[in-house]
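Report on the following structure.
What follows is calculated from the coordinates using simple rules that are stated; it is not laboratory data. All values derive from a computational prediction rather than experimental measurement. Positions of Cβ are generated from backbone atoms using ideal geometry, with glycine treated the same way; all protein chains shown enter the neighbour counts.
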Amino acid sequence: MKTSSLALPALVALLLFTLGLSGQAQNMTLRTGDMFTMRLMGAPTEYTTEFTGEYTVAEDGTVGIPEIGAVKAAGLTPTQLARSIQAQLVQMKIFTKPVAEISVPQQSRLITIGGGVRAPGAQQWGPDMTLTSAVSRAGGASDFGDISKIKIRRDGKVTMFNLKKVDKDATQNPKLMPGDEVEVGGGN
C-alpha cells in the first residue's frame, strides 16, 4: 500500500510538469522553422487523416495545409493558427465543424551560441532565457572571448550588445527568442 500511495503523487507531479511545459509551448508565437503536429477532428477519420501530421513553418511564414494551401502561421499562437485553419475549412466548405489541435514540441525551440565561448552549440530555449544565461550555459567566455562585443542575429537583423554594461543598462541583457544566433566576440 505504501508504494502505491507514493506512486500516485509522483505521477500527478509528473503530469503537472508535462502539462506546464506544453502550456508554455502553446502560448508562444510560431516562427519560421518551427515544427508542430496537427490533428484534425470533427469529421470521419477517413476524411481527416490527410490533415494529420507534422508541419514546418516555411521561410515566408506560412505552412502548407492540404486542400487549403498556404496559411499564415508565423506570429500566431498554436491556438490562433488552429482557429484560422478551422475557419478556412468551413469557409471553403470542406468540413462543417472541424476541430484542429496543434502541438508544438518544446524541444523545437533552440538558440545557437558560438564565437568566444567555452562550449558553443545549440541550447534549449526557455521563455526567461536572457543573453547572460545563454553565455553562462555555454560555459562563459573563453580566454579570448569578449563579452563587450556580442552579436545577436534575429530574423536577418544583427544587433550588438555589451554585457560589461549590464549593471548600468539592463537593455544590454535582452531576452532571447527561439532561432536567435548569438556570437560572442573574440572567438577562436
Report summary line: Counting only residues that are part of a loop (DSSP other than H, G, I, E, B) and basic (Lys, Arg), region 160-188 contains a total of 1
Requested in this report: Give the residues of region 138-171 that are crowded, with 17+ Cβ neighbours inside 10 Å and farther than 19 Å from residue 123 by Cβ, sorted by residue number.
Outcome: 146, 149
Requested in this report: Would you please list the contacts, defined by Cβ atoms under 7 Å and residues six or more apart or on different chains, that run from a residue in region 54-72 that is closer than 18 Å to residue 178 by Cβ to a residue that is surrounded by 15 or more Cβ atoms within 10 Å (Cβ to Cβ) and among the aromatic types (Phe, Trp, Tyr)?
Outcome: 55/36; 63/55
